[in-house]
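For reference, the structure discussed in these notes is given below.
Nothing in this text is a laboratory measurement; each read-out follows from the coordinates by a stated rule. This one's a predicted model, so the numbers in the text were calculated from it and none came from an experiment. Here the Cβ positions follow ideal geometry from the backbone for every residue, glycine too, while neighbour counts run over all protein chains shown.
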Amino acid sequence: MGAWIDKMFDAKIVAKEGVVRRQKADVHNYSSYEELLQRVKDEQFHLIETGDQYIVICNQGALLIHC
């Protein structure tokens, strides 16, 4: 995994099962979508793409979107 992705997942909010949000342009400039997706899968987290953002839900529980 790349250093940028590692740093992203080292954030304190990840350990607290929080939410990490990054601009898609930053992911593509400093790493790649493929690396982000693989890390999310490895952690068994959830990845949402909306507008110009990637949102990682740092929780392994089931994800239910209501609207």
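Here are some notes:
- Comparing mean-square fluctuations of LYS24, LYS41, LYS12 from a GNM of the chain with C-alpha springs under 10 Å, the top value falls on LYS12.
- Extending 7 Å from the Cα toward the beta-carbon at both TYR33 and ILE57 defines two label points whose distance is 2.0 nm.
- Taking only the alpha carbons of the chain, we obtain Rg and Dmax values of 11.4, 35 Å in that order.
- Residue separation of ALA25 and THR50 scaled by 0.36 nm, minus their Cα-Cα distance, works out to 7.7 nm of gained length.
- Footprinting exposure proxy ranking of HIS66, HIS46, HIS28, fewest other C-beta atoms within 10 angstrom first, gives HIS66, HIS28, HIS46.
- About the Cα centre, charge dipole magnitude for the chain (Lys/Arg +1, Asp/Glu -1 at Cβ), debye: 180
- For the chain, the 222 nm mean residue ellipticity estimated from helices alone, with every DSSP H stretch of n ≥ 4 adding -39500 (n - 2.57) and the total spread over all residues, rounds to -11000 deg cm²/dmol.
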